[in-house]
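Okay, so here's the structure we're looking at.
The values are calculated or read from the model by the stated rules, or taken from the named source; none is laboratory data. Quick caveat: nothing in here was measured; it's all calculated off a predicted structure. Remember, those area values only see protein heavy atoms, side chains included, never the ligands or the DNA or RNA. Shrake-Rupley method; radii C 1.70, N 1.55, O 1.52, S 1.80 Å.
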Amino acid sequence: MSTITAVKACAATKCAFNNNGCTAVAVTIGGAEKAACETLTIIDARAGLSSANGQVGACKRLECKHNSDLLCTAAGINLDDVANCASYEAR
Ligand code: SF4
Ligand code: SF4
């Protein structure tokens, strides 16, 4: 299955890839207890694309109902201020 899932909004403004939204070409969602963005980067810089067109490259949360073959099939995802995936839904 091929899918491209947009990072619609991310409230983790401390991330270097956040410039009025996610500017990473592809983020990886994983995390420990909660589904979270593992591309989160806390350094004193801004990086990434010139516009907020970030996409989900991979997601390790197989137990989320939007996950298929380690990809996200949601139309888009939102992340909260600590970079947790707010679009996560347990199967
Ligand atoms: S989705 Fe991840 S990489 Fe993109 S701005 Fe948010 S925390 Fe940073
Ligand atoms: S909605 Fe589910 S499958 Fe998509 S990125 Fe979030 S946790 Fe992963």
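Key figures
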| item | result |
| --- | --- |
| Aspartates and glutamates with Cα under 19 Å of K60, excluding same-chain neighbours fewer than 8 positions away | E33, E38, D69, D80, E89 |
| Linear extension gain, A86 paired with L49, 0.36 nm per residue minus alpha-carbon span | 11.0 nm |
| Cα-Cα pairs of the chain separated by more than 15 Å (percent) | 51 |
| Relative contact order (percent, whole number), the chain, Cα cutoff 8 Å, 6+ residue spacing | 37 |
| Surface share of carbon and sulfur [accessible, 1.4 angstrom probe, percent] for the chain | 53 |
| The chain, accessible area per residue, ligands and nucleic acids excluded (1.4 Å, Å²) | 58 |
| Exposure rank, largest accessible area first [D80, D44; 1.4 Å] | D44, D80 |
